Amino acid sequence: MSDFIEKFNKTSDLEEKLLQSLALFWEPIAANDIQKLLKVLGIRTPDGKIYPIQYITTLRNSLINKGLLHHFKEPWGSGYQIFDDKDKEFLTREIFKEDWFDEWIQTIQREFSLDDYKNLYWIRDLKKFRILRDYRLSIYQKNFGAMQMLFKQIVENDIIEKSGEMLVNIFSNPFQKDFLSEFEAAFQAQIIPNLLENSIEKLEPTNEIWEFVTERNLQIVPVIKSIKAEELIFRGKWAEAKKLIGEPETYGEIISSATIAFLEKDYEKSVHFFEACIKLWKQIYSKKKGFPDEWQFFLYGLALYKTNADKFHKFAEDYSVFALKNYPHSGVYRALNAVSYFLKNQDNLAQIAFSQMLENDFHTQFLRMMTAAIVPILKTPTNARSFAQTCRASGYKWILFEIANLLKNKGDASFEGDFETLREELKFEPVGNLIPRLEDWERALNTLEMIAVRGATKNESKAKIDETRIAWLIDFA
């Protein structure tokens, strides 16, 4: 039971009704509108009178002090609302079967209408709140016509990402199997990928969702199939993922095939698949240049390194330039930069790039672990052990293997048992050991050679440089 639910269970009848009405209202509500909300919903004093504003102010402050209500400060002003959207869904489910549920929705939509903000550009954020609110309520009412109309407005107002988060909250925590069963297969196929990605991101069990997928025969949906393949890869079941994919056709299937080829040490094949992904991505999004923001493209960089080191460094530079403009918070290009800088003996820059991997999402954390293992000058991430424990509990064997390898290389034996067991089971050398450890003089020599190659003229090949070079001056001082 969450902290919010424990506190909610101790509220008075009036506090309970107010919080339930705010859950349906969804957007932050101005102080003077709380009285109006209670009035239009017919929530009155025991003797049938409207609650005075002074009493509502006291009630509101009490809920804030109890941690059940939050004061939001928005560009358009201040407002009050339940802090966590997941708690709003809990309250909505509590009243979903009540006789007055539909009546409350109709009243809220009438008295606090979307049309209030139809032509007011300066409060467009409030308009977006109400579009999302009405879309959410149309789902609870299973009003498919309204759902389609409102989703069109969601696209027009560029709030697809937020609507996706909202849908996850509606159908999860825990998985709302029975409710989702009431919708058509097409809608289920749209929701399931969001639910799966959310569960994988949080390293939560996915068994119940996959059972639903099988029952509804949704495993044939391409995006769902791709997510299944990715999860199998995280679990160390590469052969099973490969069998599932067969001949890759979709973007998700191709990128999973590229990952599997990399793990099988077929780096040329991996590069081929990754470059097919880039080509397909450009076609889908009508791009002339650039790269997708997928965590797997860190592996593409490493595959390039194993086939052509110069191409790797060029890719790291190009990806960084594109990502800074298009994905400024991405951890992928920073991980690539950290490796590239290290290989060029630019250790300070490598440490800076690594330190800027600030996002705490699942994929960035995984990239952080692999990068720290590949680049020995980097410190072990502080959450390495807790992340490893969570991966162990979730059955994500490949990720656990990489973290155990990182800790082992840093002199921490706390997961050495896992490392040895998984090394035998997976028959695989960790990605973190991809680049052999070099002595300082070897790194210095590599740098000198790189400088010479880059200094060559267009008509001068590396082979020609090697023929004419007699010796390098190496100073061990």
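The values are calculated or read from the model by the stated rules, or taken from the named source; none is laboratory data. These figures come from a predicted structure and were not determined experimentally. Neighbour counts are summed over all protein chains in view; Cβ atoms, including those assigned to glycine, are modelled from backbone coordinates with ideal geometry. Keep in mind that these areas ignore ligands, DNA and RNA; they rest on the heavy atoms of the full protein, side chains included. Shrake-Rupley method; radii C 1.70, N 1.55, O 1.52, S 1.80 Å.
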Discussion item. Which of the numbered conditions does PRO376 fail, given that it passes all the others? Conditions: (1) more than 21 Å from the chain's Cα centre (by Cα); (2) without any contact (Cβ under 8 Å) to a residue 40 or more places away in the chain.
Written reply: (2)
Worksheet item: When region 367-426 is examined, which residues are found to be surrounded by fewer than 18 Cβ atoms within 10 Å (Cβ to Cβ), of a type in the set (A, V, I, L, M) and closer than 22 Å to LEU232 by Cα?
Response: ALA393, LEU426
Worksheet item: Which one is nearest to ASP87 (Cα to Cα) among residues in region 158-170 that are touching a helix residue (DSSP H, G or I) at 6+ places or on another chain (Cβ under 8 Å) and open to solvent by 10 Å² or more (accessible area, probe 1.4 Å)?
Response: ASN169
Discussion item. If I filter region 317-337 for residues that are under 30 Å from THR390 (Cα atoms), touching a residue at least 40 places away in the same chain (Cβ under 8 Å) and either touching a Leu at 6+ places or on another chain (Cβ under 7 Å) or crowded, with 17+ Cβ neighbours inside 10 Å (or both), do I get at least one hit?
Written reply: no
Discussion item. For region 338-361, give me each residue that is hydrophobic (A, V, I, L, M, F, W, C), within 19 Å of the chain's Cα centre (by Cα) and open to solvent by 60 Å² or more (accessible area, probe 1.4 Å).
Written reply: LEU358
Item to complete: Just one of (1) at pLDDT 95 or above; (2) crowded, with 16+ Cβ neighbours inside 10 Å trips up ASN173, so point out which.
Response: (1)
Worksheet entry | Residue list for region 338-365, restricted to those being free of Cβ contacts under 8 Å to residues at least 40 places away in the same chain and charged (D, E, K, R) | ASP347, GLU359
Worksheet item: Only one residue in GLU15, GLU27 is more than 22 Å from ILE131 (Cβ to Cβ) and open to solvent by less than 20 Å² (accessible area, probe 1.4 Å), so which one is that?
Response: GLU15
Worksheet entry | Candidates PHE262, PHE273, filtered to the one that is open to solvent by less than 30 Å² (accessible area, probe 1.4 Å) and in a helix (DSSP H, G or I) | PHE262
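Evaluate the following for GLY252: is it within 24 Å of the chain's Cα centre (by Cα) and outside any loop (DSSP other than H, G, I, E, B)?
Yes; evaluated as a whole, the condition is true for this residue.
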